[in-house]
Amino acid sequence: MMDYNYGYDNMMRSGYWGGYLSHWTVPLGIVGIAFGGILLAFLIVWSLYWKGRSLWRAAHHNSKPWFVTLLIINTLGILDILYIYVLSKKKK
């Protein structure tokens, strides 16, 4: 006699995805979550610091196009650093 409920029972025991994603739920445990949180906090502070410096410099140079560009585009500080040290140098 065939057990027609085997597939359904197996799916119910292992979750909706049939256990395929169970190893992806918490790959590194609490250490991975903590490290990810610290990394995220660092990237936020890093980005805000460079964004603030570049926006301040663009405002003081009366560069509205650069101010709007730097305000809208977020590149984790890369464009902001380039603007501060390369693109906004005053002509001598």
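Computed from the coordinates by the stated procedures, all read-outs in this text should not be read as laboratory data. Please read all numbers here as calculations on a predicted model, not as lab measurements. Here the Cβ is made from the backbone with ideal geometry for all residues, glycine too, and neighbour counts use every protein chain on show.
Can you give the translational diffusion coefficient of the stretch 42-92 in µm²/s, computed by Stokes-Einstein from the Kirkwood radius over Cα pairs at 10 °C and 1.306 mPa s? Rounded to a whole number, D works out at 147 µm²/s. Packing order of peptides 29-42, 49-62, highest average first: 49-62, 29-42 (average count of other Cβ atoms within 10 Å over each peptide's residues).
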